[in-house]
Amino acid sequence: MRVNNIKKDFKDVEALKDISFEFEAPSFVGVIGHNGSGKTTMLEILMGIQTATSGTVDYSNEFELKDMKENIGVILQSNAFYSNMKVIELLRLFKSYYKDSFDINYLMEKLKITDYQNKYYDKLSGGMKQKVNLALAFINKPKVVFLDEPTTGLDPRARHDFWTVLKELCNDTLLFLSSHYMEEVQKYCDKIVYLKDGELLYAGALDKFFDQQESKDLSEIYLRISGGKDDGDVD
Amino acid sequence: MMAMLIEQLKVEIKVYLRQPFYLLFSLLMPVFSFLFFGMMYGNVDYNGFSFFANYIPGFSVIILFASSVYNIGNQVVGDKEKGIYKRLSATPISLGRIMGVVVFKGFLLALLGFVIILLLAVFRFNVTIPNPVIYCVSYVVTIVYSLCLGFGAGILIDKLNTYSAAMMAFFMPMFILSDTTIPLSMMPGSFQKVAMINPLYHMTNVLRVAWDIERYSSDVKGFWFSMVFLVGLIIVAGIFVGIKWKKKK
């Protein structure tokens, strides 16, 4: 996919300034940047939830634009569903939205959530909820997947389980994943998009980024560049 | 597409039935109120018409308002605030279709309340419906009208707290000044004037005429004033909703 000169303005705030990059499947792209750097805004534009002020997103190598929503999967920063809804009901509902989808039982077994199918979604633990969110993100066998801070709030064990399952589900998939955990981006991603104050600092292979920065520690590079600053969230 | 709509409707109804507060407020309370008032005042005439000719349309309007305007609006605002529609906007399903199912659920619930009231009237109180076809058709039109109002309120208001506060502030006066329980003629003149801008009062007026056509000739001006008011209200509301919808897009 190709992103061409994406800009996004909110009233008097320039949330994204001329973002351009190109990636192809299969890739795990880590989207990193400080709070308020524009990660969520950029991801939501790519998902089609927000519209860019200017610029284009070209998915023609993956699918036709008119079929975009059939071919993408998402986990938002905050995922809410109807109250008092069981996991199995949620999966059936989302399955009905798509022309092509996985068998629900297959997905539940893969994600080890079969025992939770009759539990209410809003009563699940954070780790379990994210597994269900993953199931919903992958139910339509997506070609491109966007995950916005999916491991935030998960304990180390839950994060490990999340990544294990994610790697199993991704099959020739282009995956974008934003995270504040540099160690997991470094471990699991082969490409990165690095944003700072709405500007694109780097987009490309992680190895090349390490060569440029003369360091193989993403946390150290991040702290050096972003200065550990928290500017608040304008996303 | 049909499979998706049916699945969505199933979910809507299941989720609704799992929230007993909604069921109590929008269906059970008006039905029990109707039973109670029917037993107390069933033999009393009001303005030359029987209790049931006045209050069956009235209670039907109360159920309608509770299940459509309050319930639907509350759901739309709440789901919007939680971010449910944001998540669903990343799927192929259009927001319009989801809203359509939500509104259809409201329609079914209002219809259910209406049927329960009529069954109680016929079998508990031995009421004869003078113009069943006209009354039923008029009520269906009123359901659609109320759902538009409720849905519109849900689009216009962004926060659930604001919606709840607005409903609390407006619902009680609208309920009291609707002429559906306490007769308006027993209230001070100033209250009766305020009732002239109460959509519940006008909906009750129109449905009372639909119940008994003879009522039309006893207050032609009042009937047409109610019709013009209701049409005007939906046009004005529609304009505001249209502006807000375009702005959000």
> List for the range A:51-78: residues with 50 Å² or greater reduction in accessible area, all protein chains versus chain alone, probe 1.4 Å?
Replying inline: A:Lys69
> Comparing the chain by itself with all protein chains present, which residues of the range A:90-134 are at least 10 Å² less accessible (probe 1.4 Å)?
Replying inline: A:Arg92, A:Leu93, A:Phe94, A:Ser96, A:Tyr97, A:Tyr98, A:Tyr120
> How far is the Cα center of the range B:142-212 from the Cα center of the range B:77-104, in Å?
Replying inline: 27
> So how tilted is helix B:71-82 from the main axis of chain B? Cα-based, degrees 0 to 90, rounded to 10.
Replying inline: 20
> Give or take rounding to whole Å, what are the principal axis extents of the alpha carbon atoms in chain A, in descending order?
Replying inline: 48, 39, 34
> Expressed as a rounded percentage, what relative contact order does the range B:140-220 have, with Cα pairs under 8 Å and six or more residues apart?
Replying inline: 22
>> Give the average, rounded to an integer, of partner chain Cβ atoms located within 10 angstrom of each Cβ in B:9-15.
In response: 4
> How much of the accessible area of chain A, probe 1.4 Å, is carbon plus sulfur, in whole percent?
Replying inline: 45
> Hey, got the average number of other protein chain Cβ atoms within 10 angstrom for residues in A:81-87?
Replying inline: 6
>> For the range A:23-83, place one equal point scatterer on every Cα, skip the solvent, and apply the Debye formula. What is log10 of I(q)/I(0) at q = 0.30 Å⁻¹?
In response: -1.47
> Along the positive direction of the dipole of chain B (beta-carbon charges: Lys, Arg +1; Asp, Glu -1; about the Cα centre), which of B:Val44, B:Pro92, B:Thr142 reaches farthest?
Replying inline: B:Pro92
> Taking N as the number of residues in the range A:61-191, what is its Cα Rg relative to 2.2 N^0.38 Å?
Replying inline: 1.01
> Against the longest alpha carbon principal axis of chain B, how many degrees, from 0 to 90 and to the nearest 10, is the axis of helix B:95-119 turned?
Replying inline: 20
>> Cβ neighbours within 10 Å, averaged per peptide: list B:192-203, A:143-154 in order, most packed at the top.
In response: A:143-154, B:192-203
>> Just to confirm my numbers, what's the Cα centroid distance between the range B:16-55 and the range A:82-124 in Å?
In response: 41
>> Quick check: from the Cα gyration tensor, does the range A:107-149 come out rounded (a/c under 1.5), prolate or oblate?
In response: oblate
> At a 1.4 Å probe, what is the % contribution of carbon and sulfur to the accessible area of the range B:117-249?
Replying inline: 75
> Going down the table (A:Lys110/A:Lys208; A:Lys17/B:Lys82; B:Lys193/B:Lys221), which pairs top 25 Å between alpha carbons?
Replying inline: A:Lys110/A:Lys208; A:Lys17/B:Lys82
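Could you tally the net charge around A:Glu199, taking each other residue with its Cβ under 10 Å from the Cβ of A:Glu199, Lys/Arg +1 and Asp/Glu -1? Display every interim value, and only then the final one.
On the way: positive: A:Lys17, A:Lys196; negative: A:Glu14, A:Asp18, A:Asp197.
Here the charged neighbours net out to -1.
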>> As I understand it, the value is the acute angle between the Cα axis of helix B:2-17 and the longest principal axis of the Cα atoms of chain B; what does it come to in degrees, rounded to 10?
In response: 60
> Can you pull the semi-axes for the range B:129-249, root of five times each eigenvalue of the Cα gyration tensor, sorted largest first, whole Å?
Replying inline: 28, 19, 13
> Cα centroids of the range A:164-230 and the range A:41-66: how far apart, whole angstrom?
Replying inline: 21
> In Å², rounded to the nearest 100, what is the total accessible surface buried by chains B and A against each other with a 1.4 Å probe?
Replying inline: 2300
>> Give me the base-10 log of I(q)/I(0) for the range B:48-108 at each q in 0.29 Å⁻¹, Debye formula, one uniform scatterer per Cα, rounded to two decimals.
In response: -1.15
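Before I look further, what does the range B:136-249 give for accessible area per residue, probe 1.4 Å, in whole square angstrom?
55
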> Put +1 on the Cβ of every Lys and Arg and -1 on every Asp and Glu Cβ in the protein assembly as shown; which of B:Gly189, B:Ala169, A:Tyr194 then has its Cα farthest towards the positive end of the dipole?
Replying inline: B:Gly189
> Based on the mean of other beta carbon atoms within 10 Å per residue, what is the order of A:35-46, A:80-91, A:113-124, most packed first?
Replying inline: A:35-46, A:80-91, A:113-124
> Could you give P(r) for the range B:169-216, binned at 10 Å from zero, as whole percent values over all Cα-Cα pairs?
Replying inline: 28, 52, 19, 1
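For the range B:29-171, what does the alpha-carbon gyration tensor say about shape, rounded, prolate or oblate, given a ≥ b ≥ c as the root eigenvalues, a/c under 1.5 as rounded, and a/b over b/c as prolate?
Verdict is prolate for the range B:29-171.
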> Using a 1.4 Å probe, what is the accessible area per residue for the range A:53-183, in Å²?
Replying inline: 43
> Which peptide among B:205-213, B:183-191 comes first, and what is the full order, when sorted by highest mean count of other Cβ atoms within 10 Å?
Replying inline: B:205-213, B:183-191
>> I'd like the antiparallel share, as a percent to the nearest 5, of DSSP beta bridges with both residues in the protein assembly as shown.
In response: 50
> Any idea what the alpha-carbon Rg over 2.2 N^0.38 Å comes to for the range B:102-186?
Replying inline: 1.33
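The values are calculated or read from the model by the stated rules, or taken from the named source; none is laboratory data. Keep in mind that this is a model prediction, so the values were computed, not measured. Glycine also receives a Cβ, built like all others from the backbone with ideal geometry; neighbour counts cover every protein chain displayed. Surface accessibility is based on the protein's heavy atoms, side chains included, excluding ligands, DNA and RNA. Shrake-Rupley method; radii C 1.70, N 1.55, O 1.52, S 1.80 Å.
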